[in-house]
Structures are given as C-alpha cells and as structure tokens.
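**Student:** Attaching a single structure in structure tokens format; questions to follow.
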Amino acid sequence: MLPFKLVYHDRYDLNLGAHVFPSQKYRLVHEALLNERHADAADFLLPEPARDEDVHLVHSQEYVHKLKTGTLSYAEQLRLEIPYSVELIDACWLAAGGSILAARRALLDGWAANIGGGFHHAYPDHGEGFCVLNDVAIAIRRLQMDRAVETAMVIDTDVHHGNGTAAIFGGDATVYTLSIHQENNYPYPKPPSNLDINLEDGVGDDDYVGILEKNLHQAFEEFQPGLIFYVGGADPYREDQLGGLALTLEGLKRRDALVFDYARRHRVPLAITLAGGYARRVADTVRIHVDTILAARDAAQQSAAKA
Ligand SMILES: [Zn+2]
C-alpha cells in the first residue's frame, strides 16, 4: 500500500511505565497507520537486533559490556534518565537493528522509515537523555563498512540538539550533521554539528520553516550525501512538555515536507527515525509521527510520478 517499507517491532517499547517518555508511542503509531488504512501488514518489516559488532562500530567495549551485564553505575543510570531493564536493552538493540534495516531499504527503494530510533543523545561511551545506543550512527557506520554508502547526512529536527551524533561524527568528513533545535534547552554543552541552527524560545511555523529552508540550501551546497538520515522529533510542537518552540501540527507537516522535498529533488535516499515527542496528549505525539510517514509517502509518490 505504501511506496516504501516501514520497520517496526512490538518490543520497541522501552518498558518505562509512567514516564514523560511515552514509550508505548511506537505501538500506537504502528496501530494508527494500520487502523487509518495508510499501511497494511505487508508494508512492515521486522528488524533483527543489531549485532554486537555493529554496536561496537560506535560504542566502546566497556559501555556495551555494562549495558549487557546490567552494571551501569548509579550516576550512569541517572544520566540516562530512564530506568534500566532487560527489556530496555532488548528494545535498544532492536531499534539499532531497525535503523540499519531502514537505511538498507532506503538505498534500495529511495525511502524507508524506522517506527522507532533517533536516539541522538547517546555518545560512544555513555547514554543520556533517554538515549542508550545511537542507532543512526550505528546504521551509518554499518553501511559504510559494507561499502553500501560512502557519505551520509543527518538532518535532525528534534527540539533538542543532536549532541551524541555531533560528537560521534565530529571531524569525520564523510558524514555531515545538521541540527535545528531550541538553543535554551538540554543538552549542555552542545558539541558542534557541521551546521547548528540555534533557535530562540517560542519560534513558530513560518519562522521555523524559513530558517530551515535557508539552512537546508546551505547544507546541500556544502555536501552531497549518498544517504540522508532524518531524525524527525515530534517535540518542536507547541504543546510539548520538554520543548520550548511553538510549531503547530500544520507547521510540523511543512517541516517534514520541506526536508523530503530536498531529498527528492537531490535524488538522495532517505531513512526516517522518529526521535522525541512529549506532548501533553500522547495522541498528538502519535499524530505528528504518523504525519511524518504520510509526508514521506507524498514525496515518494511525487518522485515516482516524475521518474
Ligand atoms: Zn528531543
């Protein structure tokens, strides 16, 4: 039914219980896509967990060992801001496997989406801000090692700066990182991306879309990627509890359409990950993520019509 594949697993749920991070959202996005008849069962692919050798392309031996043996220190667990559990680790390895699969499918089909992932705050040697493994970085490194792709661009529109991703790819000329985020918000510090767009509090639809467009133009002047990873956070939404920007549902759709239009016009395969979303109503977060998939569908259909 959809012109590209969606990657999803029921065990993406991070098992957080009552938490500002609604980790049931992955299941709800999957359900909404099916119930609203945007997708059918055949559109979904089931990921395998990332292999440890994939994870080690980004993360240190010591950190991975602590995750697998449940031996993070108290301070390390606090920094994660989510409770450690066996289910959490399972979900993170699956999400990383899902982003690898989505990237491979994007190279085949032009587009793909992981209904999960986008854990952009994870560093090589530690996790923080609800992020354990940097699935996007793992996927890019895996595909580079496989010689499936030489270069990649990460376009991160989560309201929070993509600090882990910026740190991992800092000094790596093969990966271009762009982050558009609220400046006056977690994380501190913000290691430099190739292009950091620091927004003031309260930026709304028109300003956001205008600023993003100008910077996408610059990014594509500076770099021609073989693959784009889109980290499509739902948290620039004006009703978000952890964000201080003021985008509407309509503005978020314009954001997604703008990014996908750049990918389409430059003929670069694009893989979507969902990233953060903490709207007062979980249904809004789910709606924003579903809209991202629908914006990609529209862009994919447009590129097919032109081909
Ligand atoms: Zn965020």
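**Student:** Return yes when residue 263 is more than 16 Å from the ligand (Cβ to nearest atom) and surrounded by fewer than 19 Cβ atoms within 10 Å (Cβ to Cβ) and no when it is not.
**Tutor:** Criteria not met by residue 263.
**Student:** Just for the stretch 176-197: of the residues that are assigned to a loop (DSSP other than H, G, I, E, B) and without any contact (Cβ under 8 Å) to a residue 24 or more places away in the chain, which one is least open to solvent (accessible area, probe 1.4 Å)?
**Tutor:** If we filter the stretch 176-197 for residues that are assigned to a loop (DSSP other than H, G, I, E, B), which is where we start, we get 183-194.
Next cut, without any contact (Cβ under 8 Å) to a residue 24 or more places away in the chain only: 183, 188.
Values: 183: 94, 188: 153 Å².
The extreme case among them is 183.
**Student:** Go through the stretch 277-294 residue by residue and tally those that are farther than 14 Å from residue 39 by Cβ, away from the ligand (no atom under 13 Å from the Cβ) and not β-branched (Val, Ile, Thr).
**Tutor:** 5
**Student:** If you don't mind, another one. Given the structure, is residue 57 within 17 Å of residue 161 (Cα to Cα), in contact with a helix residue (DSSP H, G or I) (Cβ under 6 Å, 6 or more places away or on another chain) and at pLDDT 95 or above?
**Tutor:** Working: within 17 Å of residue 161 (Cα to Cα): no; in contact with a helix residue (DSSP H, G or I) (Cβ under 6 Å, 6 or more places away or on another chain): yes; at pLDDT 95 or above: yes.
When the stated conditions are applied, residue 57 does not pass them.
**Student:** Okay, next question. Take the residues in the stretch 219-257 that are touching a helix residue (DSSP H, G or I) at 6+ places or on another chain (Cβ under 8 Å), more than 16 Å from the ligand (Cβ to nearest atom) and open to solvent by less than 20 Å² (accessible area, probe 1.4 Å); name whichever of them is farthest from residue 197 (Cα to Cα).
**Tutor:** Residue satisfying both the conditions and the ranking: 227.
**Student:** Also: Quick check on my filter: what residues within the stretch 127-164 are open to solvent by less than 20 Å² (accessible area, probe 1.4 Å), in a loop (DSSP other than H, G, I, E, B), more than 14 Å from the ligand (Cβ to nearest atom) and among the aliphatic types (A, V, I, L, M)?
**Tutor:** 132, 133, 149
**Student:** What number goes with the only condition from (1) closer than 19 Å to residue 252 by Cβ; (2) open to solvent by 20 Å² or more (accessible area, probe 1.4 Å); (3) without any contact (Cβ under 8 Å) to a residue 24 or more places away in the chain; (4) within 15 Å of the ligand (Cβ to nearest atom) that residue 200 does not pass?
**Tutor:** (4)
The values are calculated or read from the model by the stated rules, or taken from the named source; none is laboratory data. As the structure is a prediction and not an experimental result, all values here were calculated from the model. In this analysis, Cβ positions are derived from the backbone assuming ideal geometry, glycine residues included, and neighbour counts consider all displayed protein chains. When the accessible area is computed, the model is the full protein with side chains, heavy atoms only, and any ligands, DNA or RNA have been set aside. Shrake-Rupley method; radii C 1.70, N 1.55, O 1.52, S 1.80 Å.
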